[in-house]
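The block underneath contains the structure these notes are about, expressed in C-alpha cells.
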Amino acid sequence: MEAVFGLLLMLLRVSHGVETSCDGRQDGAQCYGALGGTVVLQLMDSASEIFRYEWSKNNKTAILQGGKNKKLINQIEKRSSFSDGTFRINSLSRTDSGEYTLQTYDSSGQRSEQRTLQLFIQGVEAYCDGRQDGAQCYGALGGTVVLQLMDSTSEIFRYEWKKNKIITILRGKKNNIVFNVIDDRSFFTPSDGTFRINNLSRTDSGEYTLQTYDSSGQRSEQRTLQLFIQAPVSSVLLVSECLSQGWTRVSCSSEGGDSPQYSWTLDGHTLTDAELLSGNHETNNIILKQDVSGRLVCSVRNHISSVSREENISTCKGVETSCDGRQDGAQCYGALGGTVVLQLMDSTSEIFRYEWSKNNKTAILQGGKNKKLINQIENRSSFSDGTFRINNLSRNDSGEYTLQTYDSSGQRSEQRTLQLFIQGVEAYCDGRQDGAQCYGALGGTVVLQLMDSASEIFKYEWKKNKTTTIFWGKKTIVTNNIANRSLFTPSDGTFRINNLSRTDSGEYTLQTYDSSGQRSEQRTLQLFIQGVETYCDGRQDGAQCYGALGGTVVLQLMDSASEIFRYEWKKNNKTAILQGGKNKKLINQIENRSSFSDGTFRINNLSRNNSGEYTLQTYDSNGKKSEPQTLQLFIQAPVSSVLLVSECLSQGWTRVSCSSEGGDSPQYNLTLDGHTLTDAELLSGNQTNNIILKQNVSGHLVCSVRNHVSSVSREERISCIFINCTLSNGTHISQWVSAATNTLCIELTTAPTTETSTVGKETVNTVTITNVTSSNQTVTSSISDDPWYFRKNNVVAIAGVLLALVILVLVGVAVICSQKKQKNDKPKEETDEQELTYADVRFMQRQGQQVQKRAEVEVEYGQVKFPQRPRQSVERAGDDCLYAQVHKDR
C-alpha cells in the first residue's frame, strides 16, 4: 500500500505544473514529462564551445545537429527551442518517450563524449476517495485516475459498479473479479478496493454507482460518485504593460485547461484592494495601481493540474524612451502618456546662456551659467545638467524644438533643432529567439529587437511571409521599403514600426549571410496587431460602456461568479450570451472570440452588432431571482488621423477647418498657444471643427479630436500677413497670405533683408520697401507686422533703412541732373520726357494695434518712378533738383 501511494506521489510530483525540468548532463539520466506538457532538458553546459554535436533518439533519428559556427538543425523546431545547451520540448506526446543519445566531436572529427538519457512521457495521475456517497472526482484528459471504491472486497459477497445506472463497468464476488468492461485500460485491485483507469477520455465523465449485496442477494449498500474529466492546464503566459496613468495592466492566460481558476500573489501575499485598481485576486486580468511593484506570481489551476508563472513588476512611469538630441536634426520619439529623456547638451555649467523653444515661438527652457533656470512645464518635467525628462506626454508635445546658446557677449554660439514625435501605444519585443511572438497596438508603434548589432553581419534580409522584403543591408548600409513609417538602427539591431495596421500582422523571417554568401542564420517571429482595448465596470445598474470597432472590451460583470448559484447574461432581453453558476457548466455563445473568467468578460474583434442593452440575471439556490442589472454597450469606430487646414481670407481673418478620418461621434477641441480660444480671438464658431479667427490672431493652434474609445490631435502654426507688390511682368498683388507658405512677391532686387526682435520697450515694425528696376517698373513688397517675423535688434533694421534711403536719394539726384542736362540740349518739342518723383519716407503711428503696450511704427518707402508727363505741363528751368520730402506723421 505504501509503495502504491509513494508511486502516486512521485507521479503527481513530476507532472505538477505540466512543465518539468531535468538535468541530462549525467550519463543514464532518467527524465519525465507530462502528456501534453513541456519538458526542459539541460543537455550540455554550453553549446557555443562544442565544435560539433548530435542528439539522436533510439540511435536512429537525429533530433538536433549543430556546433561552433555551424547552423543549428532542429527536426522538431515547430514545438521546441534550443538555447546554448538547454532544449525545451512542448506539446509532449507518448511517442516522445525513448532513449536519447548525445555525441560530441572535436575539430579533428574525433568523438569526444557520448551520453544517454531516458525520457518517459506520462499522463497526469489523480487520486480520489469514492467511499463517501456523492463524492466528486476529477481525472486528466489522457491521464490516469485512481478511485478508492471500498476498503477491500474480501468481506463483500457481491458488488457491481455502473455508469449512469445503465452500463455495468465492474462486477465481482469477494476477491474474484468476474467482469471488467474496460480491462484493456484499467485495473481493479480487490485487496485494497482501488480502481485505476488509464488513458482517460471525456466519455469517462459521468455518474457512477456502487451496489453491494449480501449472501442472500439483498442489497446491503449503494453509493454514487461523479467523475469529471478535464484537460490539464499547461504553460502560462504572463504579460504586463504600463498604462498612461502609471498603472500596470497584467494579463495571465494558460494554454489548454478546462475551467481554469486564477490566483495572484505579490511578494508572497494575496493582492489587496489597496494594490488593485480593477479586477481581483481571482481573475486573469488585473490593473495595479501606481507605485505597486514586486515579485508577481499568477497561478492557474483546475482540479487535476496547477501551473504558475512569475515576473518582477517595476513601478510604471509610462513607457520611457531616450534620445540623443545633441546632433542637429535629431528625430526623437515618445509614447503617448509616457516619458521621454532628451540629451540636449553635454553640460550646462559652461554655457553662458541657453534657450530651448518649441516651433520657434514658445520658450520651454531658459537658463545659463549662474542664471536661474526657467522651465515652463516644470509640473511634469525635470532638467538636470543637459538632460531634459518630460513625463505624461501628449500629442501636443510633438513639434520642432530649437536649442540656441549664447556667449558672454550676447552672440549666438550655436543653434540646433530636433523633431519630437509623440505616438500611440508603443510595445517592445525581443525577436532574437526563433519563433518569438510579438504584439503591437493598432495605430501604435512596435520596437523589435532583431539582433544585437548589424555591424558584424556581412549581409542581412528581413522578409514578411517569406516573400516580401521589408529591409536589407550590409553591415550599416540599409535599404528600407517602409522607411516612411519605420526606422532600422544598425548599431543596436532594433526595428521601429510606426502607425501599425492589421496588415502588419504576419510571419517575419530574418536571414543573415557571411562574406561567402552562405546563409549563417535564419529565424522567424510572429507579429500580431491588435485593436484598441477598453475597460468598463458593469457592476452598477445602467452602466454605459464603450468598445472600439475591431478592438476588445473588458466588462466587469460581477465580483465573483464562483459564489453565484446561477446566472444568465442576455442581450436585448432575448439572446442568452452567458449561462453558468456554482458547479455548473459555463455556456458561452460567442466563445470563439471571447473569454469569461470569474466575473470578467472579454470580447474581442468587436463589431457594430455587439452594441445593445445587456441584462445580468442571478438566481439563488431556491430559484429566486435578484434584481436585474443592465448595461449599455456602444461600439464606436476609433478616430484615426486628423486633417488641419487653414486659409487667409481677404479681410485678414483666418479660416480653420479640422476634420478626422473615421471615428464615430467625434468631439473637437481647439487651443491656441496652450489656452482655449476666446471670443476676442474668434470671429465665428466655437469648439467646433470649423472656425474663423480674427485679424492678427496668430500662434500655435492645436485641434484635438476624440470619442469614447480614442483621441488624436494635429497642430499647425497660424499666421496671416498682408503683401502688396507689383511684379516685373506688371502683375499687381495685394492680399492676405499665410506666412508659412507664402511664395509671392519674391522678385525684390535691391531690398535689404530686415529682421527685428523685441528688446526692452523697442517697437515692432512693419517695413514696406519699393525697388527701382532699370525697366522703369515698380516692385513694392510689404513684410508682415507679425513679431514672429523679426528676430534682430530694431537698431540694425533702422540703420539698414536709412542706408537704403541715402542710396536712393543719391541715385535720384544723379538721374535728375542728368535728365535736366539732356533736356537743355534738346528742342522744346522734344521734351516730352519723364518726370522724376522722389520717395516720400514717413514714420507713421499704427492706430489701434499694440504689442505688449508698445507702439508699432510703420516705415514706408515711397515709390521711385518715371511717369509720363502731359505735353502741356509746365517746363522746369535750369538744373533745379527736387529732393525727397522727409517728414514724420503723428
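The values are calculated or read from the model by the stated rules, or taken from the named source; none is laboratory data. None of these values were measured; they are calculated from a predicted model. Here Cβ is always computed from backbone atoms with ideal geometry, including for glycine, and neighbour counts include all displayed protein chains. Areas reflect the complete protein model, heavy atoms only, side chains present, ligands, DNA and RNA absent. Shrake-Rupley method; radii C 1.70, N 1.55, O 1.52, S 1.80 Å.
See the values below:
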read-out	value
Single match in Glu355, Glu350, Glu414, Glu378 (criterion: open to solvent by 30 Å² or more (accessible area, probe 1.4 Å) and within 28 Å of the chain's Cα centre (by Cα))	Glu378
Filtered residue count, the range 474-489, keeping only those that are touching a Ser or Thr at 6+ places or on another chain (Cβ under 8 Å) and buried (at least 18 other Cβ atoms within 10 Å of the Cβ)	1
Boolean, Ala543 is more than 30 Å from Gln433 (Cβ to Cβ), open to solvent by less than 50 Å² (accessible area, probe 1.4 Å) and either of a type in the set (Ser, Thr, Tyr) or modelled with pLDDT of 85 or more (or both)	yes
Boolean, Gln30 is at pLDDT 90 or above, over 35 Å from the mean Cα position of the chain (by Cα) and open to solvent by 60 Å² or more (accessible area, probe 1.4 Å)	no
Residue satisfying condition, being open to solvent by 20 Å² or more (accessible area, probe 1.4 Å), over 30 Å from Trp247 (Cα atoms) and in contact (Cβ under 8 Å) with a residue 40 or more places away in the chain, within set Asn360, Asn370	Asn360
Segments classed as strands (runs of 3 or more DSSP E), wholly inside the range 516-602, with at least 3 members that are over 30 Å from Leu450 (Cα atoms) and of a type in the set (A, V, I, L, M, F, W, C)	543-548, 552-556, 575-581
Unique residue being more than 27 Å from Ile422 (Cα to Cα) and not hydroxyl-bearing (Ser, Thr, Tyr) when the list is Phe471, Phe458, Phe528	Phe458
Every residue from the range 716-774 that is within 30 Å of Asn396 (Cα to Cα), outside any loop (DSSP other than H, G, I, E, B) and at pLDDT 75 or above	Glu716, Arg717, Ile718, Cys720, Ile721, Phe722, Trp736, Val737, Ser738
Options Ser491, Ser486, Ser515, Ser520: the member that is free of Cβ contacts under 8 Å to residues at least 24 places away in the same chain, closer than 29 Å to Glu456 by Cα and small (Gly, Ala, Ser)	Ser486
Residue satisfying all of: in the range 552-607; within 28 Å of the chain's Cα centre (by Cα), open to solvent by 60 Å² or more (accessible area, probe 1.4 Å) and among the polar types (S, T, N, Q); modelled with the highest pLDDT among these	Asn592
Candidate set: the range 36-56, residues that are surrounded by fewer than 21 Cβ atoms within 10 Å (Cβ to Cβ) and in a strand (DSSP E or B); chosen: the one nearest to the chain's Cα centre (by Cα)	Val40
Residue count, the range 339-386 (criterion: within 29 Å of Ala740 (Cα to Cα), in a strand (DSSP E or B) and at pLDDT below 85)	1
Residue list for the range 126-143, filter: within 19 Å of Phe188 (Cβ to Cβ) and surrounded by 24 or more Cβ atoms within 10 Å (Cβ to Cβ)	Ala126, Gly130, Gly139, Gly143
Boolean, Leu336 is hydrophobic (A, V, I, L, M, F, W, C) and modelled with pLDDT of 85 or more	no
Condition check for Val705: part of a strand (DSSP E or B) and either more than 30 Å from Glu563 (Cα to Cα) or of a type in the set (Asp, Glu) (or both)	yes
Matching strands (runs of 3 or more DSSP E) fully within the range 122-228 where at least 3 residues are in contact (Cβ under 8 Å) with a residue 24 or more places away in the chain, touching a strand residue (DSSP E or B) at 6+ places or on another chain (Cβ under 7 Å) and of a type in the set (Val, Ile, Thr)	144-148
Condition met for Asn176 (at pLDDT below 90 and more than 20 Å from Tyr138 (Cα to Cα))	yes
Hits in the range 177-201 (condition: surrounded by 13 or more Cβ atoms within 10 Å (Cβ to Cβ) and among the charged types (D, E, K, R))	Arg185, Asp192, Arg196
Within the range 270-288, considering residues that are assigned to a strand (DSSP E or B) and hydrophobic (A, V, I, L, M, F, W, C), the one farthest from the chain's Cα centre (by Cα)	Leu276
Of the criteria (1) open to solvent by 10 Å² or more (accessible area, probe 1.4 Å); (2) closer than 30 Å to Ile529 by Cα, which one Leu448 fails	(1)
Positions within the range 443-482 being under 22 Å from Ser516 (Cα atoms), modelled with pLDDT under 85 and of a type in the set (Val, Ile, Thr), in sequence order	Thr476, Ile477, Val478
Residue that is least open to solvent (accessible area, probe 1.4 Å) [pool: residues in the range 490-506 that are modelled with pLDDT of 85 or more and out of contact with any strand residue (DSSP E or B) (no Cβ under 6 Å at 6 or more places or on another chain)]	Gly493
Counted residues, the range 1-27 - those being modelled with pLDDT under 80 and basic (Lys, Arg)	1
Residue match in the range 288-298 (condition: over 18 Å from Ser382 (Cα atoms) and polar (S, T, N, Q))	yes
Residue match in the range 384-403 (condition: under 28 Å from Ser80 (Cα atoms) and either open to solvent by 40 Å² or more (accessible area, probe 1.4 Å) or not small (Gly, Ala, Ser) (or both))	no
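Residue-by-condition table, conditions (1) open to solvent by less than 50 Å² (accessible area, probe 1.4 Å); (2) at pLDDT below 85; (3) under 20 Å from the mean Cα position of the chain (by Cα):
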{"site": "Cys252", "(1), (2), (3)": "yes, yes, yes"}
{"site": "Gly268", "(1), (2), (3)": "no, no, no"}
{"site": "Gln290", "(1), (2), (3)": "no, yes, yes"}
{"site": "Leu296", "(1), (2), (3)": "yes, no, no"}
{"site": "Val300", "(1), (2), (3)": "yes, no, no"}
{"site": "Ile304", "(1), (2), (3)": "yes, yes, no"}
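Okay, residues lined up against (1) touching a residue at least 24 places away in the same chain (Cβ under 8 Å); (2) surrounded by fewer than 20 Cβ atoms within 10 Å (Cβ to Cβ):
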site	(1), (2)
Lys624	no, yes
Phe634	yes, yes
Ala637	yes, yes
Ser650	yes, yes
Ser659	yes, yes
Gly663	yes, no
Leu670	yes, no
Thr676	no, yes
